[in-house]
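Data block below; observations after.
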Amino acid sequence: MKHCLLALILIISLASDCSEQLPYAEKHTFYSKEFDQQRDYYVHLPDNYNTSQRKYPILYLLHGQWDMLPAVASIALLSDEIPEIIIVGVQSKGQELHAIKGDIKRQTKLSKFLNIELIPHIKARYRTAPYEILLGHSNAGRFVMNEWIRGGLAFSSYYAFSPSLDDNQTYDHLSKLTTNEFKQKSHLTMTLANEGEHMLKPFKEIKTILTNYKNKKSLSIHFPDETHSSTRHKSLMFALRNTFTGWQPSYETKISNFTNLKQHYDDFGKRFGFDAQIELELLQKLSVYFAMSTKPEDALNIKHVINYGLNLNRNNATSFWEMANYLKEIDNLASANKIKKNICDLQPDFNLC
């Protein structure tokens, strides 16, 4: 019976996925005093952004004019493993990503633009949670490393993917940090693809420094099977999975008791400073599972599931009704009626009741 329920839930999931479109991003432009020019940025909002009032963690992506699509695609593949996040692609390239020669402690124009102009601009326009990630690949990855070393931008996590390290400047600045300075750092994830000894050598040297300082907030990994370009995908998936470890509850937590499931997300949200709500897709699957269950306690669980979903958005009644229709189509009318009855008891003005 257990395997039949899981098979049904998988079929429902696949049927739901077929109609989905992959969203990309919206391009915006605003004037930067720091650069004295118009600057582009790109925003990808979570699917549920416009139907909720909650705040979302945010990822600031350098090289936004090029790297938004692979980032959005990578995060879409992790939809069951991490919370929904806002992605902001930052137009950036070339010399503006470099540190000021000989003085990494001095703030660059791009750093000022991020800190003083763009981030406040985004916070004023979008519902952002206090958990913020800065991501850069290649030349932008070195900018991320420099900002992490400099300590000027207070991001919650820093992701540096295949950063340009072969000039040894990053190593030189990193080796001068004190133990106390290391302790004050946010989390850093640094990765490297298969890029030759000229890059692997400084990568290993930097990894040794981080290891010697026993900095538990740092994570370095080498992907020898990836190219400089393809590592963007694998690195982002690795970094996000590591950052949000524990987001996905166990199978037992999902089906045992809805109160425990809700507590799992509440506790996770407190750790990261945002409202960690249960996603609609999981609620739909649980409504089917509890409707088909013969356990007496699951009559209350299905009520809690549907009530939670309706409190998130009254329009979710339609989504739960679709689950009842799936059950009806496979001749499980009794289970279908359980879902419909709970919807109509909790939201009697629903047009299908």
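Couple of notes before you dig in:
- Difference of contour (0.36 nm per residue) and Cα-Cα distance, ASN180 to ARG314: 43.2 nm
- Sequence ranges 41-51, 60-70, 332-342, 139-149, ranked by mean other-Cβ count within 10 angstrom, highest first: 139-149, 60-70, 332-342, 41-51
- For the stretch 229-327, the fraction of 1.4 Å probe accessible surface lying on carbon and sulfur atoms is 50 percent.
- Under 14 Å, Cβ to Cβ, from PHE272 - net charge with Lys/Arg +1 and Asp/Glu -1: -1
- Carbon plus sulfur fraction of accessible area for the stretch 90-212, probe 1.4 Å, in percent: 47 percent
- Net charge, LEU300 excluded, C-beta distance under 15 Å - Lys, Arg +1, Asp, Glu -1: +2
- Across all directions, the shadow cast by the convex hull of the stretch 28-162 built on its C-alpha atoms averages 8.2 square nanometres.
- Heavy atoms of the protein chains alone define the surface here; on that basis the stretch 81-191 has 38 Å² accessible area per residue at 1.4 Å probe size.
- Summary of packing: across the peptides 264-273, 28-37, the per-residue average of other C-beta atoms within 10 Å ranks them, highest first, as 264-273, 28-37.
- Given LYS201/LYS234; LYS254/LYS285; LYS234/LYS254, the pairs whose alpha carbons are separated by over 19 Å: LYS201/LYS234; LYS234/LYS254
- Neighbour net charge for ARG54 - beta-carbon separation under 10 angstrom, K R +1, D E -1: 0
- Protein-only accessible surface at a 1.4 angstrom probe places the residues CYS344, CYS353 in the order CYS353, CYS344, largest first.
- Counting only DSSP beta bridges whose two residues both lie in the chain, roughly 30 percent are antiparallel.
The values are calculated or read from the model by the stated rules, or taken from the named source; none is laboratory data. The shown structure was predicted, so the numbers you read here are calculated from the model rather than taken from an experiment. Reconstructed Cβ throughout: ideal geometry from the backbone, glycine too, with neighbour counts over all protein chains shown. Ligands, DNA and RNA are excluded from the accessible area calculation, which covers all protein heavy atoms including side chains. Shrake-Rupley method; radii C 1.70, N 1.55, O 1.52, S 1.80 Å.
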